[in-house]
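Chemist: Before I ask anything, here is the structure I am working with.
The values are calculated or read from the model by the stated rules, or taken from the named source; none is laboratory data. Because the structure is predicted, anything quoted here is derived from the model rather than measured. Ideal geometry is used to build each Cβ from the backbone, glycine not excepted, and the neighbour counts take in all protein chains shown.
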Amino acid sequence: MSVFRKIFGSNSDKSKDKLEKEDQRRFLPDEVFPIDEKFTINFNNNGGKFLYCETSDEVQINLNKIVEENNWGDKSALILNSQLKKKFKGFDFNTTTKIEEADFLFTTCEYLIASDGSLLISSNQIAEKKLAELPKDFIVFATTSQFVETISAGLHGIKAQNKKKIPSNITTIKHFKVEETTNFLSYGSSSKNLYLLLLEDL
């Protein structure tokens, strides 16, 4: 064997090693992440901004920080969910139920989908509005008990919790990078600049 082959190895040797490693990987189980970790990874890859909160006080503090960071102190938040409005009634920002008066949307969601890092929402959060009609800036309040593995699991959950009347307008939000220009890959998607306030409740 030549000196160079000993030092650098041959291409055939490298190819052989690579093939052997790939063969080994095929027989190893895929790495399994906990559901919350999987969601966080995929959500961040989608461009979302994630703030974990251990207490309701932390939620209020982080909500304040988001408003300050974006200079939304004198702006109006669109809140279409009456329960959320009641929960944050003491919070110091303007609210509205009219899209044309709103600068950002403050809402909840149905479920947090771990498999693709998306948020499952329905008419409970956005009434019958289309995503494209809503402001580009979202603040979403959710809890750790809302994690599910797949969209299918989320749909089953919605059906189980709403036996008398299933909410309409069920959709997912997955794109959290608002693009200045639209290309054929992003055509038809409603990208949102989204902050997720996640409260530990388990």
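Chemist: Do we have residue 97 as free of Cβ contacts under 8 Å to residues at least 24 places away in the same chain and of a type in the set (Ser, Thr, Tyr) here? Before the answer, list the steps.
Modeler: Numbers: free of Cβ contacts under 8 Å to residues at least 24 places away in the same chain: yes; of a type in the set (Ser, Thr, Tyr): yes.
For residue 97, the condition - free of Cβ contacts under 8 Å to residues at least 24 places away in the same chain and of a type in the set (Ser, Thr, Tyr) - is met.
Chemist: Something else about it: Could you check, for the range 15-25, whether at least one of its residues is surrounded by 11 or more Cβ atoms within 10 Å (Cβ to Cβ), at pLDDT below 85 and not assigned by TED's automatic domain parsing to the domain that holds residue 115? First the steps, then the outcome.
Modeler: Within the range 15-25, the first condition is being surrounded by 11 or more Cβ atoms within 10 Å (Cβ to Cβ), and the residues that meet it are 16-17.
Retained after the next criterion (residues that are at pLDDT below 85): 16-17.
If we keep only those that are not assigned by TED's automatic domain parsing to the domain that holds residue 115 too, we end up with 16-17.
Checked against the condition, which is being surrounded by 11 or more Cβ atoms within 10 Å (Cβ to Cβ), at pLDDT below 85 and not assigned by TED's automatic domain parsing to the domain that holds residue 115, the range 15-25 yields at least one hit.
Chemist: Among the residues that make up the range 121-132, is at least one of them assigned by TED's automatic domain parsing to the domain that holds residue 151, among the hydroxyl-bearing types (Ser, Thr, Tyr) and part of a strand (DSSP E or B)? First the steps, then the outcome.
Modeler: The initial filter retains those residues of the range 121-132 that are assigned by TED's automatic domain parsing to the domain that holds residue 151, namely 121-132.
Now drop any that are not among the hydroxyl-bearing types (Ser, Thr, Tyr), which leaves 122-123.
Now narrow it down to the ones that are part of a strand (DSSP E or B): none.
No, the range 121-132 contains no residue that is assigned by TED's automatic domain parsing to the domain that holds residue 151, among the hydroxyl-bearing types (Ser, Thr, Tyr) and part of a strand (DSSP E or B).
Chemist: Taking the stated definitions as given, is residue 201 modelled with pLDDT of 95 or more and among the acidic types (Asp, Glu)?
Modeler: Details: modelled with pLDDT of 95 or more: no; among the acidic types (Asp, Glu): yes.
No: the conditions fail for residue 201.
Yes/no per residue for (1) more than 19 Å from the chain's Cα centre (by Cα); (2) of a type in the set (D, E, K, R); (3) surrounded by 15 or more Cβ atoms within 10 Å (Cβ to Cβ); (4) assigned by TED's automatic domain parsing to the domain that holds residue 176:
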{"site": "48", "(1), (2), (3), (4)": "no, no, yes, yes"}
{"site": "57", "(1), (2), (3), (4)": "yes, yes, no, yes"}
{"site": "61", "(1), (2), (3), (4)": "yes, no, no, yes"}
{"site": "72", "(1), (2), (3), (4)": "yes, no, yes, yes"}
{"site": "75", "(1), (2), (3), (4)": "yes, yes, yes, yes"}
{"site": "81", "(1), (2), (3), (4)": "no, no, yes, yes"}
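Chemist: Can you confirm whether the range 129-139 contains a residue that is closer than 21 Å to residue 200 by Cα and surrounded by 15 or more Cβ atoms within 10 Å (Cβ to Cβ)? Talk me through it step by step, then tell me what you get.
Modeler: The first filter runs over the range 129-139 and keeps only residues closer than 21 Å to residue 200 by Cα, leaving 138-139.
From what is left, the residues that are surrounded by 15 or more Cβ atoms within 10 Å (Cβ to Cβ) are 138-139.
Yes, because at least one residue in the range 129-139 is closer than 21 Å to residue 200 by Cα and surrounded by 15 or more Cβ atoms within 10 Å (Cβ to Cβ).
Chemist: For a quick check of your reading of the model, give me the residue pairs whose first member lies in the range 34-54 and is closer than 17 Å to residue 120 by Cα and of a type in the set (D, E, K, R), whose second is at pLDDT 95 or above and surrounded by fewer than 17 Cβ atoms within 10 Å (Cβ to Cβ), with beta-carbon atoms closer than 9 Å and at least 6 apart or on different chains.
Modeler: Cβ pairs passing all conditions: 36/144; 38/115; 38/149.
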